[in-house]
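Colleague: A single structure is presented below for examination.
Each value in this text was obtained by applying a stated rule to the coordinates, not by laboratory testing. Since we're looking at a predicted model, the values are computed, not measured. No Cβ is skipped: glycine too gets one built from the backbone with ideal geometry, and neighbour counts run over all protein chains shown.
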Amino acid sequence: MGRVLQLSPEEMRKLPRQLKAYSPWLANFQASKYSEVLELPGQYTGMSKPLPEYHVKISSFDENVLLMSSMRVPMRIIIRGDDEKEYKFLVKWGEDLRTDQRMEQMFTLMNSIYARSPLCTKASSVPSLDTYQVIPLSLRVGILQWVDSTQPLKDFINDSYRENETKCYGEARALYGKNENYTVAKKAKKRDVIKAYEEVVNKIPWDVLRRGLVRMSSSTEGFFSLRSAFAVSYAALCISQWLLGIGDRHCSNSLVSLKTGRVIGIDFGHHFESAVQFLPVPELMPFRLSPQIVNVFQPIGQVGMLKEIMVSALGALQESRHVLTAVLEAFVKEPTKDWLDFVQKQEGDTQDSKVELFSSKRIELLNDKLSDINPAYITLWAVSQNKFVAKQKAYENLKQAVLGDRGESVRASVGERGLSTHQQVDILLEQATDPNILGRSWIGWDPFL
Ligand SMILES: Nc1ncnc2c1ncn2[C@@H]1O[C@H](COP(=O)(O)OP(=O)(O)O)[C@@H](O)[C@H]1O
Ligand SMILES: [Mg+2]
């Protein structure tokens with residue numbers, strides 16, 4: 001989730017890759033030599049009555065682990081089941097994974113809403129999200145189901161540069177970095193931000209991500225159907241994640257399925273606008289619709305391919321508003337560690353009354369999104385709470401960027417309430433692609449990609 005210092009490549013290289021270095025007990029475990037049975041995790045879905053006698057049991061653990069180079073260096077382990085199959089899990093520490101578990105539960109609920117709503121079933125494609133099991137073990141450790149044959153969006157893009165283009169990402173990043181202090185933290189004018197941002201975007205070929213999808217397809221028709229799978233999943237993901245205020249949508253927090261072309265969201269530590277409210281460089285866009293993603297849909301444009309699905313998805317969720325808020329209300333009765341950390345950051349302590357206030361505001365935000373609010377006002381509220389920027393000179397500029405200019409942007413030209421689902425989606429698309437917002441974002445988000 002957050003942005004603490006990462007290990008250097010040198011430090012990463014020195015870490016052991018053998019399970020026994022982390023847990024000799026697990027490394028030595030052999031079901032045949034142990035009197036108790038250990039079930040494979042993740043078989044209690046809560047969706048039906050469990051039948052433990054049919055559950056897969058653990059035979060042993062693979063001796064090797066894979067370390068991920070992201071912030072907390074999560075570790076992938078492989079469990080061998082008594083059904084002769086191998087099961088991969090990611091072990092994560094330093095986080096209360098109940099957050100991710102609840103987000104996945106909300107996604108599962110949204111899937112059932114999408115599948116039932118006539119708004120979705122009558123549309124050309126039914127929105128849906130790929131979900132995975134999350135199993136919290138304690139407040140600091142948990143495991144999640146590894147989704148096979150996927151690649152983080154960042155790596156998927158990286159693999160598509162041509163030989164003579166290997167330097168362009170580094171150059172773009174360096175240029176953005178040079179401008180960053182000026183555009184993000186200082187009182188940069190809209191015109192200058194856009195000019196600087198566009199210069200950076202132009203350093204990268206327009207179609208790198210798109211080439212990845214082309215590479216996966218064996219024919220032109222294949223490309224169109226893969227792109228359509230990408231669009232349907234991504235549009236549903238954007239709407240679902242936006243409703244839950246999920247941020248930190250940098251390119252390593254979305255996975256692309258190498259089998260289907262569908263996009264899968266991961267890592268939900270920033271939720272309920274926390275990436276706008278608490279990060280030093282607030283994430284002002286509702287979801288990631290950066291140039292490489294938009295260009296996947298050329299020449300039709302995102303309007304044709306994404307908008308229709310987003311409108312049907314949001315409309316369906318709005319019809320089921322009461323179910324979604326009821327589930328959220330149940331969650332906030334038992335706040336996660338992240339939730340309490342956010343209250344601590346905002347209020348200075350975690351007295352019950354402050355937790356309650358924080359939680360009821362989050363329920364209100366969800367309700368607003370599921371009613372008729374202008375999405376830009378959600379961001380405006382969250383940025384007004386951000387202690388890093390609210391008292392700075394940059395604040396007025398950020399507010400202006402969020403709302404856009406009257407006459408130029410839809411979000412500035414309509415009021416705070418009374419919007420139709422179509423208008424809400426128009427504004428979401430506009431805000432997510434606004435160069436005056438993208439150009440003021442955290443460099444690690446790769447706003448130019
Ligand atoms: N469910 C999953 N299936 C497959 N790969 C995953 C899954 N979750 C995470 N990963 C991989 O692990 C990396 C780090 O995971 P993430 O949850 O983002 O950790 P961090 O909190 O350290 O950023 C991801 O970029 C991705 O490569
Ligand atoms: Mg991550």
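Colleague: Starting from the Cα-Cα distance between TRP206 and LEU67, subtract it from 0.36 nm times their residue separation and give me the gain in nm to one decimal.
Modeller: Numbers: separation 139, 0.36 × 139 = 50.04 nm, distance 3.19 nm.
Computed gain between TRP206 and LEU67 is 46.9 nm.
Colleague: Within the set LYS20/LYS154; LYS354/LYS393; LYS333/LYS369, which residue pairs have Cα atoms separated by over 26 Å?
Modeller: LYS20/LYS154; LYS354/LYS393
Colleague: Now for a separate question. DSSP H helices in the chain with Cα extent of 24 Å or more along the helix axis and mean Kyte-Doolittle hydropathy at least -0.5?
Modeller: Numbers: long enough: 98-116 (27 Å, -0.84); 220-243 (34 Å, 0.84); 352-369 (26 Å, -0.73).
Span-like helices in the chain: 220-243.
Colleague: Subtracting the Cα-Cα distance from 0.36 nm times the residue separation, let me have the gained length for GLU84 to ALA326 in nm, one decimal.
Modeller: 83.0 nm
Colleague: Tell me, what are the semi-axes, in whole angstrom and largest first, of the equivalent ellipsoid of the chain as set by the roots of 5 times the Cα gyration tensor eigenvalues?
Modeller: On the way: eigenvalues 245, 138, 116 Å².
Working from the Cα gyration tensor, I get semi-axes of 35, 26, 24 Å.
Colleague: Sorted by mean Cβ packing within 10 Å, highest first, what order do the peptides 318-329, 432-443 take?
Modeller: Sorting 318-329, 432-443 by mean packing, highest first, produces 432-443, 318-329.
Colleague: Still on this structure: How high is the FRET efficiency from LYS14 to ASP349, r the C-beta distance, R0 45 Å, rounded to 0.05?
Modeller: Calculated transfer efficiency: 0.70.
Colleague: Please report Rg (one decimal) and Dmax (integer) in Å for the Cα set of the range 253-392.
Modeller: Spelled out, the Cα radius of gyration and Dmax of the range 253-392 are 17.2, 54 Å.
Colleague: Could you give the nm distance between label points at THR433 and SER384, where each point is 7 Å from its Cα heading toward the beta carbon?
Modeller: Taking the two extended label points, one gets 2.9 nm.
Colleague: Please count, across the range 182-278, the pairs of lysine residues with Cα atoms under 29 Å apart that sit 8 or more places apart or on different chains.
Modeller: Eligible lysine pairs with Cα atoms under 29 Å apart amount to 7.
Colleague: Moving on to the next point. Could you calculate the FRET efficiency of MET47 with ARG191 from 1/(1 + (r/R0)^6), where r is the beta carbon distance between them and R0 is 45 Å, rounded to 0.05?
Modeller: After rounding to 0.05, the efficiency reads 0.25.
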